[in-house]
Each structure stands twice: as structure tokens, then as C-alpha cells.
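Report on the following structure.
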Amino acid sequence: MRVDSVEKLDRLRDDYRKAIDTQKKRIAVCLGPGCLAMGSDVILKEFKKVLADKKIKDVTVESVKKTGCHGFCARGPLVVIEPEGIFYTRVKKNHVADIVEKTLINGEIISKLLYIDPQSKKQITDYREIPFYSHQQRISLRNVGQIDPDSIGDYISSGGYSAMAKALTSMTSQEVIDEVTKSGLRGRGGAGFPTGRKWETCAGVESDTRYVICNGDEGDPGAFMDRCIMEGDPHSVLEGMIICAHAIGSRQGYIYVREEYPLAVINLQTAIDAAREYGFLGENILGTGLNFDIKISRGGGAFVCGESSALMKSVAGEVGEPRAKYIRSVVKGLRDQPTVLNNVESFATVPVILNKGGEWFASVGTKKSTGTKAFSLAGKINNTGLIEVPMGVTLREIIYDIGDGIPKGRKFKAVQTGGPSGGCLPEDKLDLPVDFDTLTEAGSMMGSGGMVIMDDRTCMVEVARYFLEFLVFESCGKCVPCREGLYQLYRLCTKICEGEATEDDLESMERLSKTIQIGSLCGLGQSGPNPFISTVKYFRDEYLAHIRDKKCPGGVCRKLITYRINDKCTGCLACLDVCPVDAITGKKKEIHVINTEICDRCGACYAVCTFDAIDIE
Amino acid sequence: MIDIQLNGKMVKAEEGEMLLSIIRREGIDIPALCDHEAIEPCGACRLCMVEITRKEWEGWKKHVTSCLYPAEDGLIVNTHTEQVMEIRRTILDLYLARCPNSKVIQKLAEEHGVVKTSFEKIPDADNCIMCYACTRICEVLGRSAISAVYRGHDKVIAPPFGEEPPDCIGCLSCAMICPTDVIPWQDENGVRTIWKKKFDMIACEKCGKEIITRDFADYLISSRNIPEDYFKICDDCKRIDLANKMGSIILQAEEAAL
């Protein structure tokens, strides 16, 4: 079915809305990465199976739909029943018959599946009232978790492609650029370059060919915002790219997705096929004369291919190595042609900006960092998941109000923002507003939005060592400071973790870091020493404890810790059984003893003890 | 023509000309290991870094590789600031750890005051500094027989799958351009060996000296419009022939004049 005019699109939207309105109840099963890993696809199938042989008022098999990530991964698998917003958590296959019987037929709430607010200890039925959701404002994630990603009808009925229609039929290229500029949108990939200015520069370069590229090569450990958008609302990315194509005058776009996101690749391809069928991609879009198509370019998963110039080489079929960007890619990018490269989240935000206006978007967030930003919460935090908040909220609000703090009553130690290239911020920085400039000033960065929270049982030297190892492995190896420098930095950091370093080594690391930052060719190298620089800035005493006292305050670095059993031991034999090197001796109901000579500090006893009887020194 | 300020002196340059070529033309000595006139610059060795600024940047400076930075009017370039020298010293220090046995690196490091590396030496180090000069010249020749393989710290220059490179024609360009002289090759009994691949040599029909590999000659004849008999006689014998021919012409002319 080809939609060749705005009127047709509007009629189509009305039809879809009517069809949806006839469905009185909708059951959304979350198929985001977290829930899927816990078997939500089985739950979806079970719903279809159970409903198939039942006749229920207002409910049919079509009432059940799969959606993208709801965000509250810690409580998955999630099932939401609309319009009431009944929020069932940790749903298992055997709950499905119950939900159908009790909630769908009899209208009862199953209280054991509800979320209990840890503060008030009250059960909450409607997800919109759960603090995790009520503190959020969703713009780029507006449809994620709400619609079926495979259904273009769902997207259209939720207002999809109306911004495209508006831009193509009633706005000139310059007007689109002006609106984006007015919105103050800055690149969501992490660097925060003003999107409007990027588009304007590209449009101004003399050339017959221009490209639009969407960067979906999300590589930071612990980050999954772009993944959830591509999987849960792929049409919003396409719409943003079509608007960009109109603004800069491009005929060809690419979405670069890593092969590790197979579902994102499939859902994007389904979306592209549907958009082509409806005539939103291809020749003469909506009868406006715009010709634009999008291809998916699959990457092998190299971290460095998220860097714009390496990404463009990879799209062109060459080895993904960065080049010096003294001539910027908006001037000379993919195949030496002017190219706009934006992140998934940026493109997904653009349709909203055009619909609601740049001024509206600029009114959200802070003056210099407008709008909202999606973050993924991972690590030692109760509510792991995907969130979107206005710029300018504090780290404390994100971690404690939305994230519900640190599990098991442990103490907060640090939060890493911006992935391996970002930095770790300590507790006294928790009241900083989250925006591009504040985080950079504090020695970290916004990055693409991954947040890893660490508690007091984390060793910051080990954290630095871990991320340096990651970067050594992911460095492309083209330039010396990154290839050799990061390797040496990693070796020195390992030396500290093993208690064999001196203070001279620390000084040498600081000097080396400076050269790597200034001397590296691309962003990966230039930000490569950040894990070390930010931890040594805020947690220097931990480094010194490793060097001077040969102690690991976090109790992590194997060579510097000793496990001991205290008098809380009940003599339950659990640790004795689990010890792989037989270092623990003791009789039933007598306090056990660890032979520190034999102990290889694997931590198995610590993990198995339920009496808090094992100390790490 | 544009004006740039180089180490405090105003110099003229072509717009878009790379800074390194201007620096060299002005007789200023800065190290650059991956730069060569036969290949496009790539910015791998990072030794040619310089500091740049402009009046309107109000004191803000940045460091760029001069081999890749196109000159623009009003640019202020400094090649030997303390920061630049510190970067060069650290990079040479890193090179010394990577290639402890390379004479070229040892000499350059010593010139910059780095006698011994302060880092951990890489086990089983060879002298390759991964400057890509060899792969770039091979690409210029139109063969791309070797390339960089693996990633990051494990990266090495190698033929495909570590086997005899099928596209290698034994021209020796890679071995000749290598700044640290690490690519081994051998000519023996009419056979050249490089990258473990053996090539038959063409011997001069006159003096018997080996001129070129058969594969290289065939490649040049087919791709560069060179006459088929061009490689039958070596350049020396061609010169002798030409001299003899010239001599006899002059002799004839002199005789005719008499």
C-alpha cells in the first residue's frame, strides 16, 4: 500500500486509531533484552495459547502484543495491562493462566505480581505511579515499550510519520534546520555537538551527493539505550533520518548496527521494508519529490567503529580505522562526500522536535543541554534498567529516586558515566546536574548514556585496570600513543593491583596519560586514559593504599587481600565444602579457619556464607 | 599563497599544503618515521606533532600531526615547545619498549635524551613500528599484497593468512621504504625470496646481472605500457650501448667534418 499524500496518511492514521480503540484491553508483554533473556517470549506464546481457546469480553488473541523495552529490567519479565496500566512484575509462564482468569475475566488484581515500593512498602498497581516511572520524562523513548516494533500501524497511530509529513510538505530544508537549531539538540552519542549546526554545515557544502548515517554501534559496556530504541521503535529512527535527508538534500542513508544486536537488525529491516511499502522510503516520498532510501550496514562489533571516521570506513567496506579529522566528515565523510552522522537517540528525538517545536524542546532540560537524555542503569543499583530524564537532574535523583539506591544496604562509592572513555565520579559529585558541560568539567563525560554504579566493595584501581584492558583490546592499533601507551598504562595499573608498583610508577602513569590524551589520533585514544585519570583524581588514597600499604580497601585485588573467618561462624560447613583448594578446616558447629597459605582468594567462601562470617582484609 | 607563522617567523606557503612539507622546506628538523614522499600521509607515528594556534583562538592551542594538517592563512605553528618535546620523548620511550633493538629508534631516542625505556619491554619484540609505510606503498603500486592484521596491541603487518602473498610481485618496495629495516629479503642463485615467497629473476642478456623478478616485469609491462623487451637488458648495459652508439655518432660526425 503506497501512501502518496499527506491526506492519505491522515486517513490511514484515523483508521489505525479506530481499530486500536475498538480493543478495550491491551496486554503488552515486554520483549526488551532484559525480559527476553528471562523468557518473556515464552510468556507471550503462552498468552496467545491460553487466549486462543477462551471467549472473553473485550479480549482476543490480538489484544496481546509484544513491545520493546519497558525499562524496568530489574523486575522483568514485565506484563502491562492497559488502559489501567496494571503492572505485573517477574511474571512466569505459570502465572499466565492466572492473569487471564483473574485479571482479564474477573477484573481482579493479582497482588503477588505487583511492585512493592521499598520506601512506603505499599503495592502499586499502575506503573505510572511507581517512582521509577513517575520521575521520568520520555521523548526519545516515547514509543519504546508502548508499541509493537514490527507494526508500522502502531507507529503511525501514535503520531508516527506526521513530523516527516510536516517537514516534507510545509517546511523548506532551511526551516527544518532552523527548527533543530532552535531546539538546542546536541548529539546524543556523547560528544554533544549541536545537531542543527552539523546539518547546516553539511547542507552548505557544494556536492551532488550527501549521506545520512545513523550510528547504532553502541559499544560501551553496560549501555543499551540505542539498542532498545532500534529494537523497540525502529520507525522513529527512520523518520528522523528522512527528515534529515530533506534538510541536507541526501538520497542515501545508512544505519550502522553491530552484529551483536541481531534483534535490532531484524526489527530495523522489518521497519525499512514496511516504510518502503508505504512509500516513506524510496522515490517520490509522499508525492513531494524527495527520493531517499536507507540501507543497514552491519558492523563486526569493534568498539572503535563507533568513532565516526572509522565507522564511515567500515560502511564503505574498508578496515575500520579512524583518520585524522582535520577536515571534518560533514565536509568530507563517507566516500569523501559530505555526511551527517548522528546517534540513534538523536534521530529518534528529531520527529518530536518538529511536531512540538524547537522552542518546546529547548524549554526542557537546561539552557546549554536541552531536552531529555536516555540512560541505562547498570551495576550495583536496585532498579537496573532504561530511563529517560530531563537534562539537569542530579546524579542523586537518578541513582536514588529512580534507581532506588544501592542493593543490600551497601554504601555508594562511584558512578561511571560515559562508558570506558568517561570517568568515575565519587559521592560528593552526586548533586551535580547531569548535562554535557558539567560532567566534562567534573572529569567525566555524558557519553552515550551508560551509567555503571559501584558500591563500597569495588576497587577503583581494579575498575581502571578493567576498562584499560578493554581499551587495549579495542584499540585499532593505528597510532602509537593509543596502541603502545594504553598497553603500558594497563601494565602499570596491573602492577598496582598486584602490589608491586611504586609511587614513581603512579607519576609515570600520569605523565603517560597526558601524552596519550594529546597525541592520539582519534577519540578512543584521546579519552583512553580517562578511567585512570578520573579514578586517580577522586580515589588517590586507594591507589596509595595499594602502593604503600599493599592493601586493597575494596577487598578485590587478589594478591592484596586475606580472607578470615570471624566469630559469627556457626560451623555450617558450607564454606568448607565449596573451597576449591581445601584451605578451610573445622568441625560441624565449630568456628572454621582459613589457612591463608593455601587460600587462593577466589571468594567462593565469601559468596556462600549466609552468616556474614567471612571478613576480607 | 598564504602566510603562516612558523616558530616566530613569517613564511609563505600554498593553501592546503601539509605543514610538515613547509617545516622541512624551512630547514627545521622534526622527526617523522611514517612519512615518505611516495605515499599519502597517515599520521601513525605521531612524531611530527606540532602545536598550532591562531590569534583569534585567544591563547587556546592544539596539537596536530604536521604531516596531515593542511596549512591555512594566519596559522601559528610551533615545532619545539616543551609540551611537543615531552610528547616526542614519551612516544620515543614507547617505541624503545616496543622495538628495543632498532638502531634507528635507539639513535632518534638518544637525540631526544631518551637513553633507556622507562616502560616494560615487549616480549619477543621485533623492529616493526607499525607505520604502515610498507602497506601504503604496496597499495600505491596497485597490489595491496600485505596489510595490517589483528587489532590494537596485537596488530602486525602480514600477508593474507600468514601464507605466501598471492598478489606479491617481489618488487621490494616494502623492504626499501621501511624506516626501521625490518622486512627480510634475499636474492640468491637467480631467485628472490620475500614474505616467504620465491620469485625467478630475469638476468641481463648481456652481462648476466639479475635485473627484476619475472612477476614484477610482467606486471609493469601489462599495466604501465612498457615495451615487452624493456627488461631483456639491464640499465647498465643499456647505458653502455647508448654511450657506444653516441660515441660512434660523434666519431662519424668528426670524420665527416674532417
Discussion item. As an exercise: evaluate A:Thr349 against (1) at pLDDT 95 or above; (2) surrounded by fewer than 24 Cβ atoms within 10 Å (Cβ to Cβ); (3) over 15 Å from the mean Cα position of the chain (by Cα) and give the number of the one condition it does not meet.
Written reply: (2)
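Got a number for residues in segment A:99-157 being of a type in the set (Ser, Thr, Tyr), assigned to a loop (DSSP other than H, G, I, E, B) and under 25 Å from the mean Cα position of the chain (by Cα)?
Of all residues in segment A:99-157, those of a type in the set (Ser, Thr, Tyr) come to A:103, A:111, A:115, A:120, A:125, A:127, A:133-134, A:140, A:151, A:155, A:157.
From what is left, the residues that are assigned to a loop (DSSP other than H, G, I, E, B) are A:120, A:125, A:140, A:151.
Narrowing the set further to residues that are under 25 Å from the mean Cα position of the chain (by Cα) leaves A:140, A:151.
Matching residues across segment A:99-157 total 2.
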Worksheet item: Quick check: anything in segment A:512-532 surrounded by fewer than 20 Cβ atoms within 10 Å (Cβ to Cβ) and in contact (Cβ under 8 Å) with a residue 40 or more places away in the chain?
Response: yes
Response to the item:
Residues in segment B:178-191 that are without any contact (Cβ under 8 Å) to a residue 24 or more places away in the chain and either surrounded by fewer than 14 Cβ atoms within 10 Å (Cβ to Cβ) or under 24 Å from B:Asn101 (Cβ atoms) (or both) total 6
Practice prompt. Select from segment B:176-200 the residues that are closer than 28 Å to B:Leu33 by Cβ and of a type in the set (D, E, K, R) and list them in ascending order.
Written response: B:Asp181, B:Asp187, B:Arg192, B:Lys196, B:Lys197
Discussion item. Anything in segment A:480-524 that is in contact with a Leu (Cβ under 7 Å, 6 or more places away or on another chain), over 17 Å from A:Pro420 (Cα atoms) and of a type in the set (Val, Ile, Thr)? List them, or say none.
Written reply: A:Val480
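Return the only residue of B:Ala203, B:Ala175, B:Ala217 being under 30 Å from A:Gln488 (Cα atoms), surrounded by 14 or more Cβ atoms within 10 Å (Cβ to Cβ) and not basic (Lys, Arg). Break it down stepwise before answering.
Values: B:Ala203 fails: under 30 Å from A:Gln488 (Cα atoms); B:Ala217 fails: under 30 Å from A:Gln488 (Cα atoms).
Just one listed residue meets the conditions, B:Ala175.
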Worksheet item: Can you tell me which residues in segment A:154-168 are crowded, with 19+ Cβ neighbours inside 10 Å and of a type outside the set (S, T, N, Q)?
Response: A:Asp154, A:Tyr155, A:Ile156, A:Gly160, A:Tyr161, A:Ala163, A:Met164, A:Ala165, A:Ala167, A:Leu168
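With within 14 Å of chain B (Cβ to nearest Cβ), charged (D, E, K, R) and surrounded by fewer than 21 Cβ atoms within 10 Å (Cβ to Cβ) as the only criterion, which of A:Arg323, A:Arg335, A:Arg298 stands out? Give the steps one after another, and end with the answer.
On the way: A:Arg335 fails: within 14 Å of chain B (Cβ to nearest Cβ); A:Arg298 fails: within 14 Å of chain B (Cβ to nearest Cβ).
Answer to the check: A:Arg323.
Can we say B:Tyr95 is of a type in the set (Ser, Thr, Tyr) and surrounded by 21 or more Cβ atoms within 10 Å (Cβ to Cβ)?
Details: of a type in the set (Ser, Thr, Tyr): yes; surrounded by 21 or more Cβ atoms within 10 Å (Cβ to Cβ): yes.
Yes, satisfied.
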Worksheet item: Is one or more of the residues making up segment B:136-151 closer than 30 Å to B:Gly16 by Cβ, outside any loop (DSSP other than H, G, I, E, B) and β-branched (Val, Ile, Thr)?
Response: yes
Discussion item. Which count do you get for residues in segment B:62-79 that are more than 10 Å from every other protein chain (Cβ to nearest Cβ) and either under 24 Å from the mean Cα position of the chain (by Cα) or free of Cβ contacts under 8 Å to residues at least 40 places away in the same chain (or both)?
Written reply: 3
Worksheet, complete the sentence: Among helices (runs of 4 or more DSSP H) entirely inside segment A:425-502, those with 1 or more residues being within 14 Å of another protein chain (Cβ to nearest Cβ) and of a type in the set (Val, Ile, Thr) are A:460-474, A:486-497
Practice prompt. Find all pairs meeting these conditions: Cβ atoms under 8 angstrom apart; at least six residues apart or on different chains; first residue within segment A:585-614 and free of Cβ contacts under 8 Å to residues at least 12 places away in the same chain; second residue surrounded by fewer than 17 Cβ atoms within 10 Å (Cβ to Cβ) and not β-branched (Val, Ile, Thr).
Written response: A:Thr585/A:Asn595
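If you scan segment A:169-197, which residues turn out to be basic (Lys, Arg) and buried (at least 24 other Cβ atoms within 10 Å of the Cβ)? Before the answer, list the steps.
Taking segment A:169-197 and keeping what is basic (Lys, Arg), we get A:182, A:186, A:188, A:197.
Residues satisfying the conditions are A:Arg186, A:Arg188.
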Item to complete: Check A:Thr67 against each of (1) within 21 Å of the chain's Cα centre (by Cα); (2) under 17 Å from A:Glu388 (Cα atoms) and name the one condition it does not meet.
Response: (2)
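Within the bounds of segment A:441-452, is there any residue that is free of Cβ contacts under 8 Å to residues at least 24 places away in the same chain and of a type in the set (Gly, Ala, Ser)? Break it down into steps so the answer makes sense when it comes.
Going residue by residue through segment A:441-452, those that are free of Cβ contacts under 8 Å to residues at least 24 places away in the same chain are A:441-442.
Checking which are of a type in the set (Gly, Ala, Ser) leaves us with A:442.
Looking for residues that are free of Cβ contacts under 8 Å to residues at least 24 places away in the same chain and of a type in the set (Gly, Ala, Ser), one finds at least one in segment A:441-452, hence yes.
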Response to the item:
By my count, strands (runs of 3 or more DSSP E) wholly in segment A:1-86 with at least 2 residues that are farther than 30 Å from A:Gly282 by Cβ and among the hydrophobic types (A, V, I, L, M, F, W, C) are A:26-30, A:79-82
Discussion item. Just the residues that are touching a strand residue (DSSP E or B) at 6+ places or on another chain (Cβ under 6 Å) and small (Gly, Ala, Ser), please, taken from segment B:6-22.
Written reply: B:Ala13, B:Gly16
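Taking segment B:80-91 as the region of interest, how many residues are more than 24 Å from B:Gly8 (Cα to Cα) and touching a residue at least 60 places away in the same chain (Cβ under 8 Å)? I'd like the intermediate steps shown before the answer.
Of all residues in segment B:80-91, those more than 24 Å from B:Gly8 (Cα to Cα) come to B:90-91.
Going one step further and asking which of them are touching a residue at least 60 places away in the same chain (Cβ under 8 Å), we end up with none.
Within segment B:80-91, residues that are more than 24 Å from B:Gly8 (Cα to Cα) and touching a residue at least 60 places away in the same chain (Cβ under 8 Å) number 0.
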Worksheet item: If you go through segment A:512-521 one residue at a time, how many are more than 7 Å from chain B (Cβ to nearest Cβ) and assigned to a helix (DSSP H, G or I)?
Response: 4
Discussion item. Of all residues being within 13 Å of chain A (Cβ to nearest Cβ) and either in contact (Cβ under 8 Å) with a residue 60 or more places away in the chain or within 22 Å of A:Ala324 (Cα to Cα) (or both) in segment B:98-107, which is surrounded by the most Cβ atoms within 10 Å (Cβ to Cβ)? Just the residue, please.
Written reply: B:Cys99
Worksheet item: Among the residues of segment B:35-93, how many are small (Gly, Ala, Ser) and in contact with a Leu (Cβ under 7 Å, 6 or more places away or on another chain)?
Response: 3
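Can we say A:Thr535 is touching a residue at least 12 places away in the same chain (Cβ under 8 Å) and more than 10 Å from every other protein chain (Cβ to nearest Cβ)? Give the derivation first.
Details: touching a residue at least 12 places away in the same chain (Cβ under 8 Å): yes; more than 10 Å from every other protein chain (Cβ to nearest Cβ): yes.
In short, yes.
Looking at B:Cys134, B:Cys128, B:Cys138, B:Cys45 in this structure, which one is hydrophobic (A, V, I, L, M, F, W, C), under 21 Å from the mean Cα position of the chain (by Cα) and within 9 Å of chain A (Cβ to nearest Cβ)? Quick ask: steps written out before the conclusion?
Values: B:Cys134 fails: within 9 Å of chain A (Cβ to nearest Cβ); B:Cys128 fails: within 9 Å of chain A (Cβ to nearest Cβ); B:Cys138 fails: within 9 Å of chain A (Cβ to nearest Cβ).
One residue alone meets the criteria, B:Cys45.
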Item to complete: Select from segment A:205-230 the residues that are in contact with a Leu (Cβ under 9 Å, 6 or more places away or on another chain) and of a type in the set (D, E, K, R) and list them in ascending order.
Response: A:Asp217, A:Arg227
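The values are calculated or read from the model by the stated rules, or taken from the named source; none is laboratory data. Note that the coordinates shown come from a computational prediction; the quantities given were computed from them, not determined experimentally. Using ideal geometry, Cβ is built from the backbone for each residue, glycine included, and neighbour counts are taken over all protein chains shown.
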